[in-house]
Amino acid sequence: MQKNLRKSGNGSRHRQEVTALKIARNLHVSMGTINFYTNLGILEETRRIGNRRYFDIKQVQSRLAKIEELRTKGYKLKAIRDFLGTTHAGAGV
């Protein structure tokens, strides 16, 4: 997996970027889940090259864990989105 990671960022803050497909495979979620949460504004792609979307793996892991935690407590996605904040303006449910 290490060869598929890209490091980027400014100065000392580096993030590891991976494609949406790698996220889905490595975190055992569907591409539909990644797309759905991205469209809701809960997940944010760090950049796009052609049809490939890249994500900060640590941010995605953190947000997916928080989504799972809140869903098991009975929260609906709208409340979760409001709690986590959207990553872009105009995101709707």
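Summary table below
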quantity: For Arg53, distant residues with modelled amide H under 5 Å away; calculated: Ala20
quantity: Approximate spin-label separation Arg48-Leu27, in nm, with each point projected 7 Å along Cα-to-Cβ; calculated: 1.9 nm
quantity: Proximal aspartates and glutamates relative to Lys58, as straight alpha-carbon distance under 16 Å, when same-chain residues fewer than 8 apart are discounted; calculated: Glu17, Glu44, Glu45, Glu68
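Every read-out reported here was derived from the displayed coordinates using simple, explicitly stated rules and does not represent laboratory data. Everything numeric in this text was worked out from a predicted model, so none of it was measured. Neighbour counts are summed over all protein chains in view; Cβ atoms, including those assigned to glycine, are modelled from backbone coordinates with ideal geometry.
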